[in-house]
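Everything on this sheet refers to the single structure shown next.
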Amino acid sequence: MQRLELAPGLIWWPGHLDRPAQERLLAAVERALEEAPLFSPRMPRTGQPFSVRMSNFGPLGWVADEAGYRYQPFHPDTRRPWPEFPPDVLEAWHALTGWTAPPEAGLINWYGPEARMGLHQDRDEQDFTAPVLSLSLGDTAVFRFGGDTRRAPTRSIRLASGDALLIGGDSRLAFHGIDRILPGTSTLMGQPGRFNLTLRRVTPP
Ligand code: MD6
Ligand code: FE
C-alpha cells in the first residue's frame, strides 16, 4: 500500500480501506447515528451553525456551541453517552498510529454536497503528543493543509473514500480544512455526501 509523507508527521495512505472495509465502516457509522443522531455544532462567538453536521463515538465527543469548543462524554441533545468505537476503527488506529493506548474521541463529520470546513488547527486536546487519524467515506473532498500559522503557504490533496490521513509530529498543529466536496465521485452511499472520522487522544498519556 502507498504511504505518502506530505510534510513531516503528515502521512497519507490513499485507499487504506478496500471496498468491503468501507462498507463495514459505513454500516457501523450508520448504526452509531441511530443511537447518537447528527447534531449541528455552532460557532461559539456567533451561534452560527457549521455547514458540517456531527456526532461521535468513544468515551469523549467533540462539541461546539455558545459555551465553546470542548470534549464531553455525552450527546448535546440526547444527553446519552456516545456509542462505543467499532472494532474496525480501533484496528485502523493501532495499525496506523502505532499507539497502544486506544483513541478517546471519534468525531463523525457529515458533509452534504454544499458543506465545507474552514482552515483550523486541532487544538482542543489537553496534550498534542498523540497524532490525529482521519478516515474518509463517500464523495472525494478537497483537503487543504498548510503550516502552523494561518499565513503559511498551503497545498491541497483530494481525499477519496477509504483514504486514511495522519496529522502528528511536527505537523500536529498544522492548519487544515475542507474546501469542498465533489458530489457524485463515490458510489459507496447511493447519495451525495461524505463522512470523515477523526480519532484522537484527548488526555495526557
Ligand atoms: C475532514 N478533517 O477531513 C476534516 N483534522 O473532513 C480534519 O479536520 C482533520 O482530516 C485532524 C486530522 C485529520 C483531519
Ligand atoms: Fe481538523
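The values are calculated or read from the model by the stated rules, or taken from the named source; none is laboratory data. The structure displayed is predicted, hence computed values, not measured ones. We place every Cβ from the backbone using ideal geometry, glycine too, and count neighbours over all the protein chains shown. Ligands, DNA and RNA are stripped out before the accessible areas are found, and what is left, the full protein with its side chains, is counted by its heavy atoms. Shrake-Rupley method; radii C 1.70, N 1.55, O 1.52, S 1.80 Å.
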* What residue, among those in segment 114-129 that are away from ligand 2 (no atom under 14 Å from the Cβ) and either among the basic types (Lys, Arg) or under 19 Å from residue 97 (Cα atoms) (or both), is most open to solvent (accessible area, probe 1.4 Å)? -> 126
* Sort through 21, 95 and tell me the only one that's within 24 Å of residue 161 (Cβ to Cβ) and open to solvent by less than 20 Å² (accessible area, probe 1.4 Å). => 21
* Unmet criterion (only one of (1) free of Cβ contacts under 8 Å to residues at least 24 places away in the same chain; (2) within 13 Å of ligand 2 (Cβ to nearest atom)) for residue 145 -> (1)
* Asked: Residues of segment 138-156 being outside any strand (DSSP E or B) and open to solvent by 60 Å² or more (accessible area, probe 1.4 Å), which ones?
  -> 148, 149, 150, 151, 153
* **Residue pairs meeting the criteria (Cβ under 7 Å; at least 6 apart or on separate chains; first touching a residue at least 24 places away in the same chain (Cβ under 8 Å), in segment 66-95; second among the acidic types (Asp, Glu))** => 69/124; 70/124; 71/124; 76/65; 83/35
* Asked: From the residues in segment 95-137 that are of a type in the set (Val, Ile, Thr), more than 9 Å from ligand 1 (Cβ to nearest atom) and outside any loop (DSSP other than H, G, I, E, B), which one is farthest from the chain's Cα centre (by Cα)?
  -> 97
* To do: Among what's in segment 176-193 and is within 15 Å of ligand 1 (Cβ to nearest atom), in a loop (DSSP other than H, G, I, E, B) and without any contact (Cβ under 8 Å) to a residue 60 or more places away in the chain, pick the residue that is surrounded by the most Cβ atoms within 10 Å (Cβ to Cβ).
  => 186
